[in-house]
Amino acid sequence: MEKSYCPIDTFINAVKGKRKGTIILHLSQGHKRYSELVRLITDISERMLSKQLKELEGDGLITRTVYPEVPPRVEYRLSALGKSIHPFLKGMYKGGILLENSIE
């Protein structure tokens, strides 16, 4: 994650992308396995989901835990930073509903 000229741009750059906000909102409800996220977010390819998860992890918004089992079990959860930005995404979600309801 890079700093931008304005903190708003820094925030938007961290959460923009194919379903990053949706991923964070799902993880706010608790840890999820990759296969659960695939089932929950149906309008994104598995390749793109993997890419977005790696970017969110790289930005420190989520954590990835690999359990040494056969087959390997991987879980994703919000990091402390991810939990702290969740209320802002929830507000954006509510704002989106207001805007959608105003569209005729």
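The table for this structure:
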read-out	value
GNM flexibility winner over the chain from 57, 69, 36 (Cα, springs under 10 Å)	69
Sulfur and carbon atoms: percent of accessible area, the chain [1.4 Å]	57
Among 91, 17, 60, residue whose mean-square fluctuation peaks in a GNM of the chain (springs only between Cα atoms under 10 Å)	91
In Hz, Karplus ³J(HN,Hα) per residue of region 17-32 (6.51, -1.76, 1.60; θ = phi - 60°; x = Gly, Pro)	x, 4, 6, 4, x, 5, 4, 4, 5, 5, 6, 5, 8, x, 5, 9
1.4 Å probe accessible area per residue over region 1-73, in Å²	67
Helix-derived mean residue ellipticity, 222 nm - over the chain, DSSP H n ≥ 4, -39500 (n - 2.57), to 500	-18000 deg cm²/dmol
Between region 1-54 and region 86-104, the Cα center-to-center distance that results, in Å	17
Residue with peak Gaussian network fluctuation, the chain [Cα springs, cutoff 10 Å], from 56, 89, 25	89
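The values are calculated or read from the model by the stated rules, or taken from the named source; none is laboratory data. It should be emphasised that the depicted structure is a prediction, and the values quoted were computed from it without experimental measurement. Heads up: the accessible areas ignore ligands, DNA and RNA and are worked out on the full protein's heavy atoms, side chains in. Shrake-Rupley method; radii C 1.70, N 1.55, O 1.52, S 1.80 Å.
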